[in-house]
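Working notes, beginning with the structure itself.
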Amino acid sequence: MRKLLYVPVIHMEPDLGSNAAAIDSKSASLFGEERWAKHKESIAKFWESMADYFVTVDASTLKIYQDGLPADGALGRKIVEEAAKRGSKNHQIILSLMARGAKICKTEDPSLLQEEYEYITRLTRSRSIPEKTIASARYKLRKNQLTHKRDKFVAKTIDETLKEDETGALFMGSYHNIFPYLPKDIIVKQVKDREKINAYFRELVSGEEGRKFEQLSEYLASPCVC
């Protein structure tokens with residue numbers, strides 16, 4: 001039996017690289033500064049709960065698969081260290097696990113990551129309305145295909161590298177769904193429920209301040225039970 005701990009990643013500003021400031025500004029404008037500030041507070045609490053959980057996990061034989069990680073070995077470690085230094089809580093947790101014996105694995109296809117990065121960069125750096133419209137349309141046409149290709153690649157990588165009786169930890173954006181592509185003998189345990197995370201984002205986008213949004217915000221911050 002193979003076991004996979006799944007963490008539905010919620011990206012913070014340090015995870016977004018050179019596009020972080022533009023994305024943060026656009027999001028604050030779209031959702032309102034107060035609501036966006038509350039969202040960022042919820043994300044911070046989410047990662048605090050993740051850090052508390054992984055302190056309890058035996059890292060000595062753990063294999064780590066990370067959203068956006070195109071390499072393992074020295075290069076992979078450098079990528080993780082640089083992201084952790086920028087303030088990425090996700091990568092700080094991974095660095096802590098590595099210090100306790102965990103091993104990072106090459107998770108993604110670099111060519112697919114580069115293609116998606118170029119679409120997002122064009123979109124966030126567009127100045128005029130026509131530029132934004134064209135960049136958005138091109139990204140929408142390709143986004144679903146890219147996501148499916150990335151999901152299949154990640155699932156294949158896990159299948160090829162996670163051996164019998166081993167445990168892996170997958171940190172992957174909640175909009176990804178690799179579960180259908182994993183072999184049946186890999187038992188997935190969700191550290192936080194992917195569907196609830198996606199429900200939280202739907203409520204965030206809706207702009208409503210109802211009880212459901214409050215409950216989902218509380219879920220983000222709650223202790224992990226897995």
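No value in this document is a laboratory result; all are computed from the given coordinates. Keep in mind that what you see is a predicted model, and the values were worked out from it rather than measured.
The H on the amide N of Tyr6, modeled in the peptide plane, is under 5 Å from the matching H of Leu170, Lys189, Gln190, Val191, each at least 5 residues off or on a different chain. Applied to the stretch 38-47, the Karplus parametrisation 6.51 cos²θ - 1.76 cosθ + 1.60 on θ = phi - 60° returns per-residue 3J(HN,Hα) values of 5, 4, 5, 5, 5, 4, 4, 5, 4, 6 Hz, with x for Gly and Pro. Cross-link check: pairs Lys152/Lys184; Lys63/Lys106; Lys40/Lys149; Lys38/Lys189 evaluated at a Cα-Cα cut-off of 22 Å; pairs beyond the cut-off: Lys40/Lys149; Lys38/Lys189.
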